[in-house]
1. Using the structure shown, decide if residue 110 is in contact (Cβ under 8 Å) with a residue 24 or more places away in the chain and assigned to a helix (DSSP H, G or I).
2. Which one of these is touching a residue at least 12 places away in the same chain (Cβ under 8 Å) and under 16 Å from the mean Cα position of the chain (by Cα): 99, 85?
3. When you scan the stretch 1-9, do you find a residue that is crowded, with 20+ Cβ neighbours inside 10 Å and either part of a helix (DSSP H, G or I) or at pLDDT 95 or above (or both), even just one?
4. Among the listed residues 55, 51, identify the single one that is surrounded by 15 or more Cβ atoms within 10 Å (Cβ to Cβ), on the phi < 0 side of the Ramachandran plot, modelled with pLDDT under 90 and touching a strand residue (DSSP E or B) at 6+ places or on another chain (Cβ under 9 Å).
5. Which residues, taken from the stretch 23-32, are surrounded by 15 or more Cβ atoms within 10 Å (Cβ to Cβ) and either in a helix (DSSP H, G or I) or without any contact (Cβ under 8 Å) to a residue 12 or more places away in the chain (or both)?
6. Just one of (1) within 22 Å of residue 114 (Cα to Cα); (2) modelled with pLDDT of 95 or more trips up residue 20, so point out which.
7. Restricting to the stretch 83-104, count the residues that are part of a loop (DSSP other than H, G, I, E, B) and closer than 17 Å to residue 55 by Cβ.
8. Across the stretch 70-82, what is the total count of residues that are closer than 20 Å to residue 130 by Cα and surrounded by 20 or more Cβ atoms within 10 Å (Cβ to Cβ)?
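The values are calculated or read from the model by the stated rules, or taken from the named source; none is laboratory data. Computed from a prediction, not measured in an experiment: that's the story for all the values here. In this analysis, Cβ positions are derived from the backbone assuming ideal geometry, glycine residues included, and neighbour counts consider all displayed protein chains.
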């Protein structure tokens, strides 16, 4: 991995087209399918099944619902060459099996190239750092538009 890869910024990965502020499904499995379809569309992924299987396999290891209303479903795949990051929100929240037992409202989904473990972990840790602040989570929940979401990410990332 090149040194420059460690400087990956959330704001450079997350684009307006990668934001969905209106998740519709109401169960964990259906939301995962909805999220994976969105990721596939955003990343122009040809092998959707491989990406879906990778995310579902990771989710079976333990819920990626980290608590505080946030989940970070993620996986690595040899079917993609660049990182794909999407943000989605469910206004009513769903039971995603979060560690704290609370509803999950915010979803950051990351799919990374199989061989870029360092970049994958760096992005996950940056997302976790961002959402451990309840003030920022509330901003994500209340922001009305996609530009507002992008502004929060760029304002609060390191």
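1. Details: in contact (Cβ under 8 Å) with a residue 24 or more places away in the chain: yes; assigned to a helix (DSSP H, G or I): no.
So residue 110 fails the test.
2. 85
3. Pass one, the stretch 1-9, residues crowded, with 20+ Cβ neighbours inside 10 Å: none.
No.
4. Numbers: 55 fails: modelled with pLDDT under 90.
It is 51.
5. Step one: of the stretch 23-32, the residues surrounded by 15 or more Cβ atoms within 10 Å (Cβ to Cβ) are 23, 28, 31-32.
Within the stretch 23-32, 28, 31, 32 qualify.
6. (1)
7. Restricting attention to the stretch 83-104, the residues satisfying the condition of being part of a loop (DSSP other than H, G, I, E, B) are 83, 95-103.
Next cut, closer than 17 Å to residue 55 by Cβ only: 83, 96-98.
Matching residues across the stretch 83-104 total 4.
8. To start, the set of residues in the stretch 70-82 that are closer than 20 Å to residue 130 by Cα comprises 70-75.
From the residues that got through so far, the ones that are surrounded by 20 or more Cβ atoms within 10 Å (Cβ to Cβ) too are 70-71, 73-75.
Selection size over the stretch 70-82: 5.
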